[in-house]
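K.L.:
Have a look at this one before I ask anything.
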Amino acid sequence: MADSRIGLLGIGLDTYWPQFTGLLPKLQGYQAHIHARLENLGVQLTDVGMVDSPEKALIAAETLRAADVDLILLYVSTYALSSTVLPIAQRTNKPIIVLNLQPTACLDYESFNALGDRGLMTGEWLGYCQSCSAPEIASVFNRAGIDYHLVTGTLDDPEAWGEIERWIAAAGLARATRNNRVGILGHYYNGMLDIYSDMTQQAAALGCHFEILEMDELAALREAVTLPQVRAKLAQFQRDFEVLPECSTYELERAARTSCALDALVEQHRLGSMAYYYEGTPGSVHEDIVTSVIAGNTLLTANHVPVAGECDIKNVQAMKILDLLGVGGSFSEFYLMDLEDDIVMLGHDGPGHPVIAEGRVRLVPLPLYHGKPGKGLSIQMRVQNGPVTLLALTQNRQGQMSLLTAEGDSVAGPILEIGNTNSRYRFTSGAKAFINAWCEQGPAHHCAIGVGHHADTLKKLAALLGLPYIRIC
């Protein structure tokens, strides 16, 4: 999972401290509890302590800016003036999650009322006063046009901490997508208009960098591959794949040499993902390369450099996001519906994500690729049974990017044994309604598939990136 840089601050009111003895240390203890839980999540944490005046807010803002945090967790420890909060939001220009977390689910009223001393009672109540300040902060942020999100609960509320953890994961995803270097090798599949996209718009929306690659460079790298490198790659094939006996020595060595060249290309350009497609003229070196890439591209995908076929640049962005979540991101398209079993089958004849495979991935000979020239080796796998998330990056008529998601389940049953990746998926709406609802959002015919249900984290990622989010229920 991608690393996150998180800022933490508590807010309070300095007027209270001399009035209510012991209140400040108690609130600082609550913040220390949050600090410890965040550290246990493995984040890079910048804690600026208790901010209880506008003057301290300016200092805190500069510290958070210098730390280049991805997300600010603003803990409301007690009632605090909104004038303490607004400068931090304005000067950092970072997403803010307001933690409206009181110490416990309810005040012990009997013990509270037994205190007798109204000063002591007020001091005790102020430790539970988070919800008093939350609407004031929201009001000011709304009027100032500042994005924020609320998490409400208690200091140890599992539901609230689940929300916090998903915000942290989304923040790490946003940083990682901004740092992603996307390689473009070759060109689009001719006539596949739905996958054509605007790289400038993607760079603007995601912050990624595009590296345009040359087939001639890959050809030169392939020519430079040594025999020991080929042998090492063949050994990797045997470790990472179930290599079927029908795979010829010639095809295995051809795929191994190309895989070595792809590794070198990725390393040379520091790529985090890649989209590719090429045909080449019959008998050319380039044709020889592109008909032997699937094994190597599958290994790259397994090692966190997802590769999308047919040069679907939008889809490799979705694959990368799921890979950064640690849940796969396998290249897929809609194959067919089984209306008797009420499922949709998805798969592809290109690279898959072995990390989410059910059993070992098979390396198989394929005499013919559907709609593409050449022959060579392909992979055959199915996604492990259980919850899954589909993700697509869409682009509308105005050019705006959106995240499109759906949650379902990979289920048991027969698949197509044709040397492809394919699996059966069930959705609560039923196959017909799901297909209609998905298509109406205008995605390309490809999508990425990851294991587990992650729609809520992806919704948070969309919020942090400022992108529309669409979930097919």
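K.L.:
How high is the FRET efficiency between residue 246 and residue 192 when r is their beta carbon distance and R₀ equals 25 Å, given to the nearest 0.05?
P.N.:
The calculated FRET efficiency here is 0.25.
K.L.:
Not counting ligands, DNA or RNA, and with a 1.4 Å probe, what is residue 187's accessible surface area in Å² rounded to the nearest 10?
P.N.:
80
K.L.:
Quick one: what are the phi-derived ³J(HN,Hα) couplings along the stretch 327-341, Karplus 6.51/-1.76/1.60 with θ = phi - 60°, whole Hz, x for glycine and proline?
P.N.:
Karplus-based 3J(HN,Hα) across the stretch 327-341 equals 10, x, x, 8, 5, 8, 9, 6, 8, 6, 10, 10, 6, 6, 8 Hz.
K.L.:
Another question about this same structure. State the answer as a single residue: which of 197, 225, 186 lies farthest towards the positive end of the charge dipole of the stretch 128-240, with beta carbon charges of +1 for Lys and Arg and -1 for Asp and Glu, about the Cα centre.
P.N.:
225
K.L.:
Let me ask something additional. If you line up the long axis of helix 249-269 against the longest principal axis of the chain, both from Cα atoms, how many degrees apart are they, to the nearest 10?
P.N.:
Around 40 degrees separate the two axes.
K.L.:
Tell me, what is the 1.4 Å probe accessible area of residue 381, in Å² to the nearest 10?
P.N.:
We get 10 Å² for residue 381.
K.L.:
Ordering 250, 425, 278 by how much accessible area each has at a 1.4 Å probe, largest first, what is the list?
P.N.:
Of 250, 425, 278, the descending order of accessible area is 250, 278, 425.
K.L.:
Out of these labelled values of mean projected area of the Cα convex hull in nm², (1) 25.8; (2) 21.6; (3) 28.9, which was calculated from the coordinates shown here?
P.N.:
(1)
K.L.:
At 7 Å along Cα-to-Cβ for each site, give me the label-to-label distance between residue 453 and residue 132 in nm.
P.N.:
Here the answer is 3.9 nm between the modelled labels.
K.L.:
Okay, next question. Quick check: at a probe of 1.4 Å, how many percent of the accessible area of the chain sits on carbon and sulfur atoms?
P.N.:
After summing per-atom areas, the C and S share lands at 52 percent.
K.L.:
Provide the per-residue ³J(HN,Hα) series for the stretch 426-432, in order, calculated from phi with Karplus coefficients 6.51, -1.76, 1.60 and θ = phi - 60°, each as a whole number of Hz, with x at glycine and proline positions.
P.N.:
10, 10, 4, 6, x, 4, 4
K.L.:
Give me the accessible area per residue for the chain, probe 1.4 Å, as a whole number in Å².
P.N.:
Roughly 42 Å² per residue, with all protein chains present.
K.L.:
Which angle between 0 and 90 degrees, to the nearest 10, do you get for helix 23-40 versus the longest principal axis of the chain when only C-alpha atoms count?
P.N.:
Rounded to the nearest ten degrees, it is 10.
K.L.:
For the Cα atoms of the chain, what angle does the longest principal axis make with the long axis of helix 227-240, in degrees from 0 to 90, nearest 10?
P.N.:
On a 0 to 90 degree scale, this one is about 60.
K.L.:
Now for a different question. Taking every DSSP beta bridge that has both residues in the chain, what percent is antiparallel when rounded to the nearest 5?
P.N.:
50
K.L.:
Report, in deg cm²/dmol and to the nearest 500, the calculated mean residue ellipticity at 222 nm for the chain, where each DSSP H run with n ≥ 4 adds -39500 (n - 2.57) and the sum is divided by the residue count.
P.N.:
The per-residue figure over the chain is -13000 deg cm²/dmol.
K.L.:
Under 5 Å between amide hydrogens, which residues at least 5 positions from residue 50 or on another chain qualify, with H placed 1.01 Å from N in the peptide plane?
P.N.:
10
K.L.:
For residue 417 and residue 341, compute 0.36 nm times the residue count separating them, minus their Cα-Cα distance, and round to one decimal in nm.
P.N.:
Roughly 25.5 nm would be gained on extension.
K.L.:
Using packing as a proxy for protection, rank 451-464, 410-423, 290-303, 346-359 so that the peptide with the highest average count of other Cβ atoms within 10 Å comes first.
P.N.:
In decreasing order of mean packing, 451-464, 410-423, 290-303, 346-359 become 290-303, 346-359, 451-464, 410-423.
K.L.:
When you count, for each residue, the other Cβ atoms within 10 Å and take the mean per peptide, how do 320-328, 89-97, 105-113, 34-42 rank with the highest first?
P.N.:
On the way: 320-328: 25.1, 89-97: 18.3, 105-113: 10.0, 34-42: 14.4.
With the highest mean Cβ count within 10 Å placed first, the list reads 320-328, 89-97, 34-42, 105-113.
K.L.:
Another question, then. Suppose every Lys and Arg Cβ carries +1 and every Asp and Glu Cβ carries -1, with no other charges. What dipole size does the stretch 336-434 come out with about its Cα centre, to the nearest 20 debye?
P.N.:
Values: 9 positive and 9 negative charges, 82 e Å.
I would put it at about 400 debye.
K.L.:
On to the next question. Given 12, 35, 53, which one lies farthest toward the positive end of the charge dipole of the stretch 1-66, if we put +1 on the Cβ of every Lys and Arg and -1 on the Cβ of every Asp and Glu?
P.N.:
Sorting the options by dipole projection puts first 35.
K.L.:
Output wanted: per-residue J couplings in Hz (rounded whole) for the stretch 161-171, from phi through Karplus 6.51 cos²θ - 1.76 cosθ + 1.60, θ = phi - 60°, x for Gly and Pro.
P.N.:
5, x, 4, 4, 5, 6, 5, 5, 4, 5, 5
K.L.:
As a test of reading the structure, rank 389, 428, 104 by solvent-accessible area (1.4 Å probe, protein chains only), most first. Show your work: numbers first, answer last.
P.N.:
On the way: 389 0, 428 140, 104 60 Å².
My answer, sorted largest first, is 428, 104, 389.
K.L.:
Hey, can you rank 155-167, 17-29 by average C-beta count inside 10 Å, highest first?
P.N.:
Highest to lowest by the protection proxy: 155-167, 17-29.
K.L.:
Could you please state, rounded to a whole Å, how far the C-alpha centre of the stretch 389-431 is from the C-alpha centre of the stretch 148-192?
P.N.:
19
K.L.:
Leaving ligands, DNA and RNA out of it, rank 319, 337 by accessible area with a 1.4 Å probe, largest first.
P.N.:
So, going from the largest accessible area down, we get 337, 319.
The values are calculated or read from the model by the stated rules, or taken from the named source; none is laboratory data. Small disclaimer: the values here were computed from a predicted structure and weren't measured. Here the Cβ is made from the backbone with ideal geometry for all residues, glycine too, and neighbour counts use every protein chain on show. What goes into the accessible areas is simple: the full protein's heavy atoms, side chains included, and nothing from ligands, DNA or RNA. Shrake-Rupley method; radii C 1.70, N 1.55, O 1.52, S 1.80 Å.
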